[in-house]
Each structure stands twice: as structure tokens, then as C-alpha cells.
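Here the structure comes first, spelled out in C-alpha cells, and everything after it is commentary.
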Amino acid sequence: MTRTWFVLITFAILCPPTAGWAQFKRGDVSAIVGYQWGGGLTTLEGRIELEPSISYGAEIDIVARPEGEIVILYNRQDTDLKLVGGGAVADSTLFGVAVNYFQVGGSGVAPLAGPAKPFVALTLGMTWFDPKRSGVSSEWRFSGSLGGGVKVSPTPRIGIRAQARWWFNILTANSQWWCGLPGGCYVSTAGTVVSQGEVSGGLMVNF
């Protein structure tokens, strides 16, 4: 019995599916790499900016109806927090920080024939700002994204995707970020939105 199951599973993985398989697609999983920029805001200490850098992550899209999908994604950017134009204070890099987006949402998929499927997506969730300096606190903020792109599946099981996203993080009034002792807080600001842009792409596996 064990050998029979092994043969069946191997056959299912290695043998290409029939042309009609696509109509039974339940979703896809993507590994994504991109370039992320933005994230500046004016504070009492001066202009604080997140340096542009490479981003990476993973996304699961589950088919909810023929023209709509449920989106679950994680995205990470490892970058530096920089103080720019702080009056009498010279520009300086404060410390490294990882920007982690945890998001859930939905996407609308264009009902087009052929392997290319344009889409638009909206997600909401939380961002975890994880500083790479001992003694400085991490921060969680409500966030979301709006994006769009195209999925292309030249074969029923394997495809690629390309997309652009606008990320937004909402700060509460009189926010203080990255506090620790000694030294107080690095960022003090009134309520605002911290925005980032991203272009990305990756490999997609349909299931």
C-alpha cells in the first residue's frame, strides 16, 4: 500500500496536468523579491527616512470566486533608519531596522482568456518595525497596501507575477517610536501616514 501511494503521488507531481485543470485551480503560492523605497516623515528631531533597499516575502492567493481571490502575504525589508536635515545636526544613520508587513485582503482578477491575468489588490494588517539595536523597542502599527499587477501562467502549475504596491502605515497622534534607555525616543511625531512604494515579482506555483 505504501508503494502504491508513493507511485501515485510521484505521478501527480511529475506528470503535466490536462488543459482543463486550470478551471479547478484553488489558488497559488508565490515567492517574491522586489525593491522598496520611501517611508520618510518630519519629526521634532528632523527628517527621518527609511533607506531604499531590497524586499522579499511570500504570498498565498486563494480563489474565492472566478474573479476574486483572498490574499495572505508577508513582506520584509531590511534597511537603515536615517536622520536627514536635522538643523544643526549632521545627517546620520541611526540604526538598522527590519520592516515586516503582515497582511490579509482581497484581489480582483480580470476575466481574460489566456495565460495572463491582470489584478488589483487591497490588504490590511499590521507592520512590525524591528530595530537592530540593543535596548531599543520594536513597534507595531496598523497598515495596509494597494497594488496591482499581472500573473502569467505559461503552464497550468508554474507561473510568474509582476506587481507594484503602495504601502501605508498609520501613526497615532503624538507617537513616539523606538524608545530605550538611555537616550529617550528617536522619533516623536503627530499623527500621520508613513508611505512606501514597492515594485516586485516572483515565481508562482498554482494548486
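For the range 143-162: of the residues being of a type in the set (Ser, Thr, Tyr) and outside any strand (DSSP E or B), which is nearest to residue 195 (Cα to Cα)? Before you say what the answer is, go through the steps one by one.
Kept after step one, since they are of a type in the set (Ser, Thr, Tyr), are these residues of the range 143-162: 143, 145, 153, 155.
Next, only the ones that are outside any strand (DSSP E or B) stay: 153, 155.
Details: 153: 31, 155: 36 Å.
If we take residues in the range 143-162 being of a type in the set (Ser, Thr, Tyr) and outside any strand (DSSP E or B), then 153 is nearest to residue 195 (Cα to Cα).
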(request) Starting from residues that are touching a strand residue (DSSP E or B) at 6+ places or on another chain (Cβ under 7 Å) and at pLDDT below 95, keep the ones in the range 143-156 and report whichever is farthest from residue 56 (Cα to Cα). (result) 156
(message) I'd like to know if the range 83-93 contains one or more residues that are out of contact with any strand residue (DSSP E or B) (no Cβ under 8 Å at 6 or more places or on another chain), at pLDDT below 95 and not polar (S, T, N, Q).
(response) yes
(request) Among what's in the range 157-169 and is crowded, with 18+ Cβ neighbours inside 10 Å and closer than 21 Å to residue 112 by Cβ, pick the residue that is modelled with the lowest pLDDT. (result) 159
(message) Condition (residue is surrounded by fewer than 13 Cβ atoms within 10 Å (Cβ to Cβ) and not aliphatic (A, V, I, L, M)) applied to the range 74-85: is it met by at least one residue?
(response) yes
(request) Consider residue 83 carefully, then state whether it is assigned to a strand (DSSP E or B), in contact with a Leu (Cβ under 7 Å, 6 or more places away or on another chain) and not hydroxyl-bearing (Ser, Thr, Tyr). (result) yes
(message) Take the residues in the range 111-130 that are within 18 Å of the chain's Cα centre (by Cα) and in contact (Cβ under 8 Å) with a residue 40 or more places away in the chain; name whichever of them is farthest from residue 199 (Cα to Cα).
(response) 129
(request) Take residue 48 and decide whether it is modelled with pLDDT of 85 or more, touching a strand residue (DSSP E or B) at 6+ places or on another chain (Cβ under 6 Å), β-branched (Val, Ile, Thr) and surrounded by 11 or more Cβ atoms within 10 Å (Cβ to Cβ). (result) no
(message) From the list 38, 106, exactly one residue is under 21 Å from residue 203 (Cα atoms) and either of a type in the set (Ser, Thr, Tyr) or modelled with pLDDT of 85 or more (or both). Which is it?
(response) 106
(message) Please determine whether any residue of the range 184-192 is farther than 19 Å from residue 100 by Cβ, over 13 Å from the mean Cα position of the chain (by Cα) and modelled with pLDDT of 70 or more.
(response) yes
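Here's the yes/no breakdown for (1) surrounded by fewer than 17 Cβ atoms within 10 Å (Cβ to Cβ); (2) of a type outside the set (D, E, K, R):
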| position | (1), (2) |
| --- | --- |
| 67 | yes, no |
| 93 | yes, yes |
| 116 | yes, yes |
| 131 | no, yes |
| 137 | yes, yes |
| 142 | yes, yes |
| 153 | no, yes |
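So which residues in the range 103-142 are part of a loop (DSSP other than H, G, I, E, B) and either within 14 Å of residue 59 (Cα to Cα) or charged (D, E, K, R) (or both), if there are any at all? Steps first, answer last, please.
Residues of the range 103-142 part of a loop (DSSP other than H, G, I, E, B): 110-115, 132-138.
Scanning the range 103-142 gives 132, 133.
The values are calculated or read from the model by the stated rules, or taken from the named source; none is laboratory data. All values reported here derive from a predicted model rather than from experimental measurement. With ideal geometry, Cβ positions are generated from the backbone for all residues, glycine too; neighbour counts draw on all protein chains shown.
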